[in-house]
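Just so you know, all these numbers are worked out from the coordinates, no wet-lab data involved. Values in this document were obtained by computation on a predicted structure and should not be read as measured data. In this analysis, Cβ positions are derived from the backbone assuming ideal geometry, glycine residues included, and neighbour counts consider all displayed protein chains.
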């Protein structure tokens, strides 16, 4: 059984005149006759938090030999809206029939229209949209194909249906899986029981869109039997992640403390309690236990005191420890861009010495405070949220010094 997406429609054909069969030696061909060797079905399904909807387009090329006009019938889901029927690009007038079409999901209403006059070749297009029902834990898309129960006067050596469905998931993680199953639903004529036959299909994914495609081929000299049904659901998964980490300063005077913040998310389908560890190189500088509801995020903020750290460059990273059942862990770790320099007072550019280049940086930021365009937190040597005379004095006291 292969996986896919879900669909809902079907085509029947009723001829205004019952054809008489012409005698022939082998594989007699009826005359007059009409053939529909192919049908092309495209379903665009959108899944949001409040449910799923589908826009369906069916394209049906016909070959007509001998009929002056043709009456057609087409089943639709109960809640179909924005229904249009086109014949060779021209809008056709349709109406609801008194007939119903019986399916595994219940009776469907039927619409009728007439092709008059009927050319030797013509193409019918049907468009409509409707809600995709949730049955149990699965969204269920149903398409009623041309069935042996309702087709009359239709001749094709072999009929082929090409079905494609795009399933657009507005909220699904890159690691999450869409579970899709496709079936051909056939009514047993003897038992009158519905038989679910697994249908092969191909599944592909680009971003948040899953595409399911299937080809259904009839037996020789028989129309396609049964209907097509697609079920799909997002497989529940566990997924916690670190989405960012920020240090208020990237050049620190050894012995000073700096504010570090990390944003943590729960991208999975279960509430989670887990630990987050923040390190400078391999040294743990913070560990916090977090509880997050589904789709919730939080930011942890703490002071990193550098008193016990040697002069040097430090890579700061945050790691969310995997929770039970989590298989995708690529987003559990986040590393600060660049490094944090633990250095001497007056060193603003992080080269472990106090020189003219630092004085230039301080001069450029002089008189600024947080939020100003020229604010440079590394030039705030005394950490009083302002670059001023006190910072210049400290730089002057350490001018031409360097780390041991």
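Results, tabulated for the structure shown:
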read-out	value
Cβ-based exposure ranking for 39, 249, 125, in which fewest neighbours within 10 Å come first	125, 249, 39
Binned Cα-Cα distance frequencies in the chain - 20 Å width, integer %	22, 32, 20, 18, 8, 0
Relative contact order computed over the chain (Cα-Cα under 8 Å; 6+ residues apart), in percent	15
Rounded to 5, the percent of DSSP beta bridges in the chain classed as antiparallel	90
Fewest-first ranking of 400, 254, 222, using other Cβ atoms within 10 Å as the exposure measure	400, 222, 254
Whole-Å distance, taken between Cα centres, linking region 247-276 and region 175-213	44
Separation in nanometres of the label points that stand 7 Å from Cα toward Cβ, at residue 303 and residue 359	3.3
Candidates 121, 129, 190, ranked by Gaussian network fluctuation over the chain, Cα under 10 Å, top entry	190
Sequence of 196, 113 once ranked by neighbouring C-beta atoms within 10 Å, starting from the fewest	196, 113
Shape of region 189-326, Cα gyration tensor, a/c cut at 1.5	prolate
Prolate/oblate/rounded call for region 345-404, Cα gyration tensor, a/c under 1.5 rounded	prolate
Highest-MSF residue in the chain out of 242, 115, 216 [GNM, Cα springs under 10 Å]	115
Highest-fluctuation residue, 317, 218, 390 considered, GNM on the chain with Cα pairs under 10 Å	390
For region 12-234, Kirkwood radius (reciprocal of mean inverse C-alpha pair distance, Å)	18.6
Set of region 67-84 residues, backbone N closer than 18 Å to the point 7 Å along the Cα-Cβ line of residue 98	72-74
Helix-only mean residue ellipticity at 222 nm for the chain, each DSSP H run of n ≥ 4 adding -39500 (n - 2.57), per residue, nearest 500	-1500 deg cm²/dmol
Prolate/oblate/rounded call for region 249-397, Cα gyration tensor, a/c under 1.5 rounded	prolate
On Cα atoms only, tilt of 356-365 relative to the major axis of the chain in degrees	60
